[in-house]
1. Would you pick out the residues in segment 113-127 that are part of a loop (DSSP other than H, G, I, E, B), small (Gly, Ala, Ser) and surrounded by 13 or more Cβ atoms within 10 Å (Cβ to Cβ)?
2. Collect the residues in segment 135-158 that are away from the ligand (no atom under 13 Å from the Cβ), over 27 Å from Val92 (Cα atoms) and assigned to a helix (DSSP H, G or I), keeping them in residue-number order.
3. When you go through (1) farther than 25 Å from Val159 by Cα; (2) part of a helix (DSSP H, G or I); (3) at pLDDT 85 or above one by one for Val74, which number turns out not to apply?
4. Which residue out of Leu96, Leu163 is more than 21 Å from Val185 (Cβ to Cβ), in a helix (DSSP H, G or I), within 21 Å of the chain's Cα centre (by Cα) and not charged (D, E, K, R)?
Amino acid sequence: MFPLLPLSISRPEATHSTKTFPINISGLLPEPLKIQDFSRQQNHKSGGPEGELSASLRYLNMRYSMPTSRAKAVLTDIGTEELAHMEIVGTVVYKLLEGASIEAIKAAGLDGHYATHDSALFWSDPNGVPWTAAYVSATGDPVADLHENLAAEQKARAVYENLICLSDDPCVTDVLRYLREREVVHFQRFGETLMQVQECMNQKRFY
Ligand SMILES: [Fe+2]
């Protein structure tokens, strides 16, 4: 039985919104489908290279080598928002797995997860490979790093679209739609930041 526990998570002010996003897992789905949804969300959006954990740590690391205070602020803001997204994804996957029967867990091929973690979450990619710091790269070149972030946001958007296609629960789909939209906004903010950084770096310097 999956209890209906509404959870509200504040979106950071830096994203120009102070609204809250309630996460309500409907309880409409039969258990096997819930567990399958758990498997998809957990694998794709938590501990993989395009997941929220990788994104948040990557941006909060790169922010130090950005050449302008505005660029540092954008990376700090988006990195912080990605941490909030990690909390959202964590809430979704926990609610999908919480209280699942052993039969449903076995049927979904999650025996290995259960043996080691029970219903606790674990940062892994779709193949069960644990999250690694290798996903968080920074060259120290602001132009190269911002291009990487643009690509990362597009990949994150694409993965959310794939997950929306796979989702069986309309309440989970709502969460995924919201998170997808935020990736589009992040892409736009990184694009503006790239132009601003290039403008700054192209300025003539007088000594
Ligand atoms: Fe993002």
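The values are calculated or read from the model by the stated rules, or taken from the named source; none is laboratory data. Note that the structure is predicted; figures quoted are calculated from it, not measured. Glycine gets a Cβ as well: all are built from the backbone with ideal geometry, and neighbour counts include every protein chain shown.
1. Ser119, the sole residue that qualifies.
2. Passing the criteria: Pro142, Val143, Ala144, Asp145, Leu146, His147.
3. (1)
4. The match here is Leu96.
Each row is one residue, and each column tells you yes or no for (1) surrounded by 13 or more Cβ atoms within 10 Å (Cβ to Cβ); (2) farther than 22 Å from Glu148 by Cβ; (3) within 14 Å of the ligand (Cβ to nearest atom).
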| residue | (1), (2), (3) |
| --- | --- |
| Tyr160 | yes, no, yes |
| Cys171 | yes, yes, no |
| Val197 | yes, no, no |
| Asn202 | no, no, no |
| Arg205 | no, yes, no |
